[in-house]
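> Sharing a structure here in structure tokens format.
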Amino acid sequence: MIEKSKLETLNSLDLFLELFNNMTDLVFLTKVNSDQSFSYILLNKPAKDLYGLTNESFGKPIEELLPKSAYQTIKRKYQEAMDRKKPIVYEDKVSGSYFPNSSKNSDFIYWESTITPVFNQEGKCTHLLAIVRDLTDQRQRENLIKEMKERFELVWNSVADAMYIFDKNEYFVSVNKAFERLFGWTEEEVLNDRLISILPEDSKEEFRNIIEKIKMGETVSTQEVKRVKKNGEWIHFLASYSPLYNQNGDWNGGVVVYKDITERKKYEEKLRQLALQDPLTGLANRTYFSHCLIAEMEKAKRTKQTLSVFVLDIDHFKEINDTFGHDIGDEVLKVFAKRVKSALRKNDILARIGGDEFVILLPDLTEENNVSEIADRIQQSLHAEWIIANEKIHITSSIGISLLEDFNIDEKVLFKHADLALYKAKKKGKNNYQIYKE
């Protein structure tokens, strides 16, 4: 009968072996032979499985058991640990092809190894204990994060628009290359000097209102703003502001995108000086519209974004003039212009090109649905009751729409396509819109 103490010892040994073989780390106990060769005397199951070793491998020179390159690395590290007479830690990246039994689906396997030398009373190294931790999953996550960060930085610094991130205290956190180019300050300057401000004095209240909105989770887009360069010059922008949150979901700052419209503003001013404006409605006239259309078509060719042209008129406008007189007809045109403009985006251009005929330029479109949405808004804006000089008048509009899909056509062809679509809308009974299709 087995003595109780021996039974407890056997049970403890079984427990140790169970724990030893179920460790996720690889454990290698290596004997240093008299000829300075190395042989394994104890490996846990993960270590044996990795190299396809069995208990019969114990005692054999590890040079015979391992791939040559793996053996050379291990030998060099074993020797380093013996020479330094203390544990060493190192990380290694090994081709996954060396480990056909590995469950890792990876081109490379990453290891962190701790090698501890064991010395006898004479100071001679007799054994080496190596504990190897698989870092592959961790390194893959780190590499993925690094790759995503590099891609973000590439996009961040490649866009033409100035962008910057600020924290909840409204201090700069990061600016892109376009910001540096447009404003003249480097990222280092704006991060290290908190007195630097791009806000003109008369814009601080406007900016404060925007901050309050994004603190509440709103995204503020297409705000026309002025900002100050390092040399004191002003730049005109279309600005968009989006909130940022920390891991707890608390507001933690924002990201700002500035689209430089300085040249557009200068051009608009030049056109105003040349009186390129419809005197009745205050809208742009045909000449101004043509200039803008040509410029936006050139831009669309570069950016590969589409744009759209609307041609619209007032249904039965001749009858309105004949019934109520030209003075009321003129008032109808002015109110019509205001209502249509209210349905457009801030960077869309509405022009009157004669009589009751109007045109709209919609630049920077991302998809065809934007066109239908705006056309619906225009039609909706006309539904409210019309009272002109105490006269109740029913007003509807027909709209022809063309999309820039072929970058080789000129503005005249694009305009003609919209006219053809308008003609189709008229034939369908008016008070509708049609999109030109080949």
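The values are calculated or read from the model by the stated rules, or taken from the named source; none is laboratory data. On a predicted model such as this, the values are computed, not experimentally measured, just so you know. Cβ placement follows ideal geometry from the backbone for every residue including glycine, while neighbour counts extend to all protein chains displayed. Note: areas computed on protein heavy atoms with side chains; ligands, DNA, RNA excluded. Shrake-Rupley method; radii C 1.70, N 1.55, O 1.52, S 1.80 Å.
> Has segment 261-274 got at least one residue that is touching a residue at least 60 places away in the same chain (Cβ under 8 Å), assigned to a helix (DSSP H, G or I), under 30 Å from LYS416 (Cβ atoms) and open to solvent by 70 Å² or more (accessible area, probe 1.4 Å)?
Scanning segment 261-274 turns up no residue that is touching a residue at least 60 places away in the same chain (Cβ under 8 Å), assigned to a helix (DSSP H, G or I), under 30 Å from LYS416 (Cβ atoms) and open to solvent by 70 Å² or more (accessible area, probe 1.4 Å).
> Here's something else I'd like to know. Looking at ILE88, ILE62, ILE109, which is the one that is within 46 Å of the chain's Cα centre (by Cα), at pLDDT 85 or above and on the phi < 0 side of the Ramachandran plot?
After applying the criteria, what remains is ILE88.
> Determine, yes or no, whether VAL256 is within 30 Å of PHE166 (Cα to Cα), outside any loop (DSSP other than H, G, I, E, B) and touching a strand residue (DSSP E or B) at 6+ places or on another chain (Cβ under 7 Å).
yes
> Which pairs turn up if I take residues in segment 121-149 that are open to solvent by less than 80 Å² (accessible area, probe 1.4 Å) and look for partners that are of a type outside the set (D, E, K, R) and part of a helix (DSSP H, G or I) with beta carbon separation below 7 Å, at least 6 apart in sequence or on another chain?
CYS125/MET82; LEU128/TYR78; LEU128/ALA81
> Would you be able to say whether some residue in segment 79-93 is in a loop (DSSP other than H, G, I, E, B), in contact with a strand residue (DSSP E or B) (Cβ under 6 Å, 6 or more places away or on another chain) and free of Cβ contacts under 8 Å to residues at least 60 places away in the same chain?
Yes, the conditions are met somewhere in segment 79-93.
> Okay, next question. Please work out which residue is least open to solvent (accessible area, probe 1.4 Å), limiting yourself to segment 171-200 and to residues that are more than 13 Å from GLU233 (Cα to Cα) and touching a residue at least 60 places away in the same chain (Cβ under 8 Å).
The selected residue is PHE179.
> Return the pairs, sorted by first residue and then second, in which the second residue is crowded, with 19+ Cβ neighbours inside 10 Å and among the polar types (S, T, N, Q), the first residue lies in segment 338-355 and is closer than 11 Å to LEU312 by Cα, the beta carbons are less than 7 Å apart, and the residues are 6+ apart or on different chains.
Short answer, once both residue conditions are applied: ARG352/THR281.
> Find the residue count for segment 333-371, including only residues that are crowded, with 20+ Cβ neighbours inside 10 Å and modelled with pLDDT under 95.
The qualifying residues number 2.
Here is a yes/no grid of residues against (1) within 13 Å of ILE349 (Cβ to Cβ); (2) at pLDDT 90 or above:
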| position | (1), (2) |
| --- | --- |
| GLU233 | no, yes |
| HIS236 | no, yes |
| GLY254 | no, yes |
| THR262 | no, no |
| TYR267 | yes, no |
| ARG286 | yes, yes |
| SER290 | yes, yes |
| LEU293 | yes, yes |
| PHE310 | yes, yes |
